[in-house]
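First up is the structure itself, then whatever we jot down about it.
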Amino acid sequence: MKSMKEMRETTNGQTRALYHLNYWDGPISGVCLYNGKKCYFDTIEEVNDKIPLSDKEWEIYQKEMLEYDPDYKFSEDDRWEWDCYRIYGIYETPEDVMEILDENHELFCKFVGTHTDYDMNGKRGLGARIPMRPDHPEDIGDLRPYTDHDKFYKAERRQPKMDKDNWTILEKFVTPW
């Protein structure tokens, strides 16, 4: 399975993340370009693979822990690392749903900020100003004054009918962005 980064590179930026809607330790859902067309993406699976440390890694880990805490009591759980990642689906999204998602995102950008947006290279603006997206009028990473946030969160907005169980998955991908 390809990563979003690989898809972005092989399509010359015609497949890439535009903005996320939900986020917890990484994007959960959002909007992307897929071969030049805006689509909704969402997590379809979270993978948590348990991987044992090699003998050499285990030896290094034990040495470092004992230097930090000479009384440390090792358990078998200490010998495992976790490889955690999400598998995402890109959904063929009805135009009316995409229109509402974009409308709400524009309001979010206006009153909350552009910190959920991604640039052409898959970088997210996190308070750092990064080059403006050609299709967005502000720098990615801008955060609006907190006094303006309620203008988005308390506003009456149209809500899209998210019926992704009946939408076609066009592609699956993993991180990195």
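Matching residues to (1) within 17 Å of Arg16 (Cβ to Cβ); (2) at pLDDT 90 or above; (3) assigned to a loop (DSSP other than H, G, I, E, B):
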{"residue": "Pro137", "(1), (2), (3)": "no, no, yes"}
{"residue": "Thr147", "(1), (2), (3)": "no, yes, no"}
{"residue": "Asp150", "(1), (2), (3)": "no, yes, no"}
{"residue": "Gln159", "(1), (2), (3)": "no, yes, yes"}
{"residue": "Lys172", "(1), (2), (3)": "yes, yes, no"}
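Checking each residue in segment 85-113 for being within 24 Å of Glu9 (Cβ to Cβ) and not aromatic (Phe, Trp, Tyr) picks out Arg86, Ile87, Gly89, Ile90, Glu92, Thr93.
Looking only at segment 18-40, residues that are touching a Gly at 6+ places or on another chain (Cβ under 6 Å) and of a type in the set (A, V, I, L, M, F, W, C) come to 1 in all. Are any residues in segment 141-162 in contact (Cβ under 8 Å) with a residue 60 or more places away in the chain and not basic (Lys, Arg), and if so, which ones? Hits for segment 141-162 are Pro160, Met162.
The values are calculated or read from the model by the stated rules, or taken from the named source; none is laboratory data. Computed from a prediction, not measured in an experiment: that's the story for all the values here. Quick reminder, even Gly has a Cβ in these numbers, built from the backbone with ideal geometry, and neighbours come from all protein chains shown.
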